[in-house]
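Undergrad: Have a look at this one before I ask anything.
What follows draws every value from the coordinates through simple rules; no lab data is involved. Just so we're clear, the structure is a prediction, and the values are computed from it rather than from any experiment. Cβ coordinates were reconstructed from backbone atoms using ideal geometry, including for glycine residues, and neighbour counts include every protein chain displayed.
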Amino acid sequence: MTIRNGISRRGLLAGAAGMTATGIMAGGLILPRGALAQSAPQKGGQFRIGHSGGATSDTIDPATFAAGPVVTAMLAVCNNLIEIDAKGQAVPELAESYEPDAEARIWTFRIRDAQFGDGRKVTANDVVASFNHHRGDNTVSGAKGALAQVRDIRADGDNVVMFELESGNADFAYLTSDYHFIIMPANSDGTLNWQSGLGTGGYTLVDHEPGVRITLKRRDDYWKPDRAWFDDVTLMTINDPTARQNALMTGEVDAVNGPDLSTIHLLQRRPGITLVETTGTAHYTMPAFCDVAPFNDVNVRLALKHAINRQEIIEKVLRGYGQVANDSPIAPANRYYAADLPQNSYDPDKAKHYLQKAGLSDLTVELSTSNAAFTGAVDAAQLFQQSAKAAGININVKREPEDGYWSNVWLKKPFCVGYWNGRPTEDDMFSLVYSKGAEWNESHWDNAHFNELLLKARAELDDNLRREMYTEMQGLVSQDGGTIIPVFVNYVDAHNDKVAHGEVAGDRFFDGWKLVERWYAA
C-alpha cells in the first residue's frame, strides 16, 4: 500500500495489518474570530513577522532547534519528508510517496525530483545524512530520543530511502514531519552540511542575525507551484508580547504570534486586524526534576499538582482561550486522549495530605519563569504562588531573563515554567519528553512500567489495545510524573489586512509554523 496524496492515520495499515487510526481530531480553525481570506494568491509582496522565542544563541543547525523564528524560517527554506496539513493528515512533502511493510517495521520513502537552493538535486544520501545528524552518541539533538527506535537508515539508489525500526510503529510517517528532520545537503563523508543553510524549500536564507532578525528571499524554481508567494520575508525576534502586539498595531510587522491575551480586546477593536485561533495539542508545563529533592518524592509532586488553581489560569492568563489539563501532555485533539482519568484539581487540603505523607508540614521551592516561555508565564507562576499558600507551600517566583531562557533555564533549573506545542501522535510526545533518557525529558522522570508500555504501544497494531495502553500511560504521567500541566492552550495569532491565508493548521501556532510558505499578500 503506497501513500501518494496524503492520508489520515485511519486505515494507514488497514489491509496490511488490520489496523485503523485517525489523524488529529481537532487542529482546525476556530472561526470566526477572523474570516478566512477569499482572494486568490498572487506572487509578490513582502511579509514581516513578529515572532517570539528568538535568542542570540540560535543557530541554523537543526539539532539545536527548540522554538522561535529560526525554526519557522528554516521550515520555509527546507522541506521534511512528510508535512502535517490543515486537517491533521500526514501528507508527502519531499517524499513523493511512502510505504510501510505489513508490520510497520520497515518504511520505504521515495524522494521526489527537487533541488537545493544552489541547484543541486536532492538525493537519498542527503536524506540519510539529515536523519543521522540526530542519531548516535555524539549528536546534541533534542530529537535523538525520537530516533532511538530506528535500527538503520539506508539509501536504495538515488531516490529511495529505507528506515528499519526495532519494532513496528504505525505512526512513523508522522514522526518524520518533526521540525528537526528538515532535509539539508550531505557532505562527501556522510555528515550534514547544515552550515550551508541550503534546503529544497521555497525560500533561500539571505541573512540570520540570531535573536534579532532573519531575512528570506523567494526561489523562482520551487517544486510546489501553489506555495511560497512573497518575494521577501523578514522574521523579527520580539519576545515581549506587548511589544509584539504594538508592532502589529503600528504597522511595523504584518503578523504576530501569541499576542497579550490580557489586552487582546484592543486588537479585536482595531480595524484591519484579524485574530486567528486554532485548537490543537499545545500546553503549558512546570517540570520539576524527579531526581532532585524535594521533587524526588512523588508525594511532593502530587502536593504541587493539587496546589495549583487551573481554572484561574484559564480565566486570568488565557482569558478563556484554552481548557483545563490533567498533568498529561495528551490533549483532547489527540486520538487516544483519556478523558475519564481522575482530575488533579485544586484542593489545598489534599495538597497538605500529600505533604504530610512526605513527612513535611510545609514546603518552600523556587520556580523559574519568563514570558519567553509563553505569553503570561510570569503571571501564571505568580497565580500558582498565591494558590499554593493555602496548602502551606511557599513558591519563590524567580523571573529569568527572556533572552536565552530556553538554553540557560529550561533543562537546567530544577523547577521552571515551559511550553509545548504537543505532537500529532501519543508516541511522538511521550518518546520525546517522557521516556527514559530522552534528550528533552524535562523532569528527569523514569518510570519502568511507562517505558515498557511505550515500546509495546508503539508496535501494537490492534487499535483497542493501543488505546488501553495509552490510557494507562496518561494515568502514570498524571499521578507519578514530575511535570505539572495545568492547561491546554488554543493558539492565537494576529495579522493585518495586507496578508491572507486559507485554512490554518492547528499542530502549532502560525499555521503549523508554515505561514511563510502558505500565506500570501492580500
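Undergrad: Over the Cα atoms of the stretch 445-522, compute the convex hull volume and normalise it per residue, giving Å³.
TA: Hull volume over Cα atoms, normalised by residue count, gives 149 Å³.
Undergrad: Here is a further query. In terms of modelled amide H atoms, which long-range or inter-chain residues lie less than 5 Å from the amide H of ARG213?
TA: Amide H neighbours of ARG213, under 5 Å, 5+ apart: THR237.
Undergrad: Please report the orientation-averaged projected area of the stretch 370-427, defined via the convex hull of its C-alpha atoms, in nm².
TA: Over all viewing directions, the stretch 370-427 projects a mean Cα-hull area of 5.3 nm².
Undergrad: Please give the calculated 222 nm ellipticity per residue for the chain, where each DSSP H segment of at least 4 residues contributes -39500 (n - 2.57) and the sum is spread over every residue; nearest 500 deg cm²/dmol?
TA: Roughly -6500 deg cm²/dmol at 222 nm, from the helical runs in the chain.
Undergrad: Quick one: what does P(r) look like for the stretch 384-522 with 5 Å bins over all Cα pairs, in whole %?
TA: Histogramming the stretch 384-522 at 5 Å steps yields 2, 8, 13, 15, 15, 15, 13, 10, 6, 3, 0, 0 percent.
Undergrad: A follow-up question, please. What net charge do the residues around GLY512 carry, taking every other residue with its C-beta under 14 Å from that of GLY512, with Lys and Arg at +1 and Asp and Glu at -1?
TA: Once all neighbours under 14 Å are counted, the net charge is -3.
Undergrad: Apply the Karplus parameterisation 6.51 cos²θ - 1.76 cosθ + 1.60, with θ equal to phi minus 60°, to every residue of the stretch 362-371 and state each ³J(HN,Hα) to the nearest whole Hz, in sequence, with x for glycine and proline.
TA: For the stretch 362-371, the Karplus curve yields 8, 8, 10, 9, 10, 10, 7, 8, 6, 5 Hz.
Undergrad: Another question, then. What are the residues whose amide H is under 5 Å from the amide H of GLU83, where those residues sit 5 or more places off or on another chain and H is modelled from the backbone?
TA: Sorted by chain and number, the residues that satisfy this are VAL91, GLU93.
Undergrad: Just from the alpha-carbon atoms, what are the Rg and Dmax of the stretch 336-408 in angstroms?
TA: Rg and Dmax of the stretch 336-408, Cα atoms, are 15.1, 40 Å.
Undergrad: Please compute P(r) over all alpha-carbon pairs of the stretch 100-222, binned at 10 Å starting from zero, and give each bin as a whole-number percent.
TA: Whole-percent P(r) values from 0 Å outward: 12, 40, 34, 12, 1.
Undergrad: Which three lengths, in whole Å and largest first, does the stretch 93-154 cover when its Cα atoms are put on their principal axes?
TA: Over the stretch 93-154, Cα extents along the principal axes are 33, 32, 17 Å.
Undergrad: Another question, if that's okay. Contour minus end-to-end for THR108 and ASP152, with contour as 0.36 nm per residue of separation and end-to-end as the Cα-Cα distance?
TA: Full extension from THR108 to ASP152 adds 14.6 nm.
Undergrad: For the stretch 247-299, what ratio Rg/Rh do Cα atoms give with a Kirkwood hydrodynamic radius?
TA: That ratio equals 1.28.
Undergrad: Still on this structure, I have one more. So what is the diffusion coefficient of the stretch 283-489 in µm² per second by Stokes-Einstein at 25 °C and 0.890 mPa s, using a Kirkwood Rh over Cα pairs?
TA: Diffusion coefficient, whole number: 144 µm²/s.
Undergrad: Taking amide H positions as placed in the peptide plane 1.01 Å from N, state which residues far from LEU192 in sequence (5 or more) or on other chains have amide H under 5 Å from it.
TA: For LEU192, the qualifying residues are ASN187.
Undergrad: Run the simple label-point estimate for LYS224 and VAL324 please: 7 Å along Cα→C-beta, distance reported in nm.
TA: About 4.0 nm, to one decimal.
Undergrad: Oh, and also: Compute, for the stretch 283-489, the length of the dipole vector about the Cα centre, with Cβ point charges of +1 (Lys, Arg) and -1 (Asp, Glu) only. Units Debye, rounded to 20.
TA: 440 debye
Undergrad: Each residue of the stretch 485-499 in order: what ³J(HN,Hα) in whole Hz does its phi give by Karplus 6.51 cos²θ - 1.76 cosθ + 1.60, θ = phi - 60°, with x for Gly and Pro?
TA: Ordered by residue, 3J(HN,Hα) equals 10, x, 8, 8, 10, 6, 6, 10, 10, 8, 8, 8, 7, 8, 10 Hz.
Undergrad: Follow-up. What ranking do TYR346, TYR470 get, fewest neighbouring Cβ atoms within 10 angstrom at the top?
TA: TYR346, TYR470
Undergrad: What list of ³J(HN,Hα) couplings, whole Hz, do you get for the stretch 244-255 from phi and the Karplus terms 6.51, -1.76, 1.60, once you set θ to phi - 60° and write x for glycine and proline?
TA: 4, 4, 5, 4, 5, 5, 8, x, 5, 10, 9, 8
Undergrad: Sticking with this structure for a sec: How big, on average over all directions, is the shadow cast by the Cα convex hull of the chain, in nm²?
TA: 21.8 nm²
Undergrad: Give the Debye-formula value of log10 I(q)/I(0) at each listed q (0.13 Å⁻¹), with one equal scatterer per alpha carbon of the stretch 149-279, two decimals each.
TA: Values returned for q = 0.13 Å⁻¹ are -0.85.
Undergrad: So what's Rg/Rh here for the stretch 237-371, counting alpha carbon atoms and using the Kirkwood radius for Rh?
TA: We get a ratio of 1.06 for the stretch 237-371.
Undergrad: In whole Å, what is the distance between the alpha-carbon centres of the stretch 438-478 and the stretch 170-235?
TA: 33 Å
Undergrad: Let me ask you something else. So for THR471, THR237, THR59, THR250, fewest C-beta neighbours within 10 Å to most, what's the order?
TA: Ranked by crowding around the Cβ, least crowded first: THR250, THR59, THR471, THR237.
Undergrad: Around VAL206, with a cut-off of 9 angstrom between Cβ atoms, what is the net charge of the other residues, counting Lys and Arg +1 and Asp and Glu -1?
TA: -1
Undergrad: Quick one: order GLU166, GLU83 by neighbouring beta-carbon count within 10 Å, fewest to most.
TA: The fewest-first ordering by Cβ neighbours comes to GLU166, GLU83.
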